[in-house]
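**Student:** Can you keep this structure in mind? I'll have questions shortly.
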Amino acid sequence: MVNEIIKEALHPYPADLVLVTKVGARRGDDASWIPDLSPNALRAQVHDNLEHLGLEVLDVVNLRSMAHEGHSEESIAESFTALAELQQQGLIKHLGLSSVTIPQIREAQAIAPIVTIQNLYNLVNRDDDDVVEYAAENNIAFASFFPLGGFTPLQSETLAKVAARLDATPQQVALAWLLQRSATSVVIPGTSSLAHLRENIAARDLVLPADAVTELDSIGA
């Protein structure tokens with residue numbers, strides 16, 4: 001359904017648009033995400049994305065390991081190899097990873113280059129500090145999902161005070177902190193409001209002074 005909406009809204013796609021898709025899980029009857037990393041399932045998901053997006057090749061496909069989502073950290077070699085084979089067939093331009101740890105990243109890199117890592121990370125949830133640093137050191141884009149806290153919005157007295165001092169919203173400050181976190185940091189905030197979308201985009205131009213960054217760093221300490 002999402003891919004069909006994207007196609008309806010944006011097709012024919014602009015030349016400078018990069019579409020990033022994610023495979024490795026399917027929806028259960030209760031709307032939960034169920035890991036499905038078998039090569040056959042991944043191939044089917046890639047072809048499904050191609051069909052519903054109206055594309056002959058996908059720009060970026062992320063393998064979703066779900067290691068940080070309550071599932072055990074296990075080898076992703078077989079699954080990532082399946083995607084690398086699809087890349088060799090010309091169906092995928094670039095490969096990425098989602099919800100992974102550094103050992104899994106290194107395992108994937110031994111199979112094929114990766115261009116992006118998409119993990120849960122925000123001003124409060126800093127469990128993946130090491131992954132952020134690894135991505136920056138290896139020139140890999142680190143995309144923070146739930147950058148504003150997701151279903152539980154970020155709330156902090158310190159964040160509110162910094163935002164008021166900078167004449168910005170707490171959400172803009174939280175996004176600006178992420179964008180300044182590393183040289184390869186990007187964010188993917190979700191919204192159903194055009195006003196909030198514009199507000200989020202404006203965070204790109206918000207430069208946090210050093211004292212504000214120090215205050216904000218203390219939130220996740």
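**Student:** For the chain, how big is the tail of P(r) above 33 Å, as a whole percent of Cα pairs?
**Tutor:** Roughly 19 percent, once rounded to a whole number.
**Student:** Here is a further query. Taking H as built 1.01 Å from N, whose amide H comes closer than 5 Å to the amide H of Leu154, not counting residues under 5 places away?
**Tutor:** Residues meeting the criterion, in which the H sits 1.01 Å from N, are Gly149.
**Student:** Based on DSSP, what percent of beta bridges with both residues in the chain are antiparallel, to the nearest 5?
**Tutor:** Percent antiparallel among DSSP bridges in the chain is about 10.
**Student:** 5 Å is the cut-off here: which amide hydrogens, built 1.01 Å from N in the peptide plane, fall below it relative to Ala143, excluding neighbours closer than 5 in sequence?
**Tutor:** Under 5 Å from the amide H of Ala143: Ile117, Gln118, Asn119, Val186.
**Student:** Hey, which lysines would be in cross-link range of Lys22, C-alpha to C-alpha under 20 Å, not counting anything within fewer than 8 residues on its own chain?
**Tutor:** Lys7, Lys93
**Student:** Another question about this same structure. Tally the DSSP beta bridges in the stretch 2-120 and give the antiparallel ones as a percent, rounded to 5. Intermediate results must be reported in sequence, preceding the final value.
**Tutor:** Working: 3 of 16 bridges.
Antiparallel bridges make up about 20 percent of those DSSP assigns within the stretch 2-120.
**Student:** Once you have the alpha carbon radius of gyration of the stretch 28-149, what is it after dividing by 2.2 N^0.38 Å, with N set to its residue count?
**Tutor:** Dividing the Cα radius of gyration by 2.2 N^0.38 Å gives 1.05.
**Student:** Net charge near Val131: determine it from the other residues with C-beta under 12 Å of the C-beta of Val131, scoring Lys and Arg +1 and Asp and Glu -1.
**Tutor:** Values: positive: Arg106, Arg126, Arg181; negative: Asp127, Asp128, Asp129, Asp130, Glu133, Glu137.
Residues near Val131 contribute -3 overall.
Laboratory data are not the source of any read-out in this text; all were calculated from the coordinates shown. Since the structure is predicted, the reported quantities are computational estimates derived from the model, not experimental observations. Methodologically, a virtual Cβ is constructed for each residue, glycine included, from the backbone with ideal geometry; neighbour enumeration extends over all protein chains shown.
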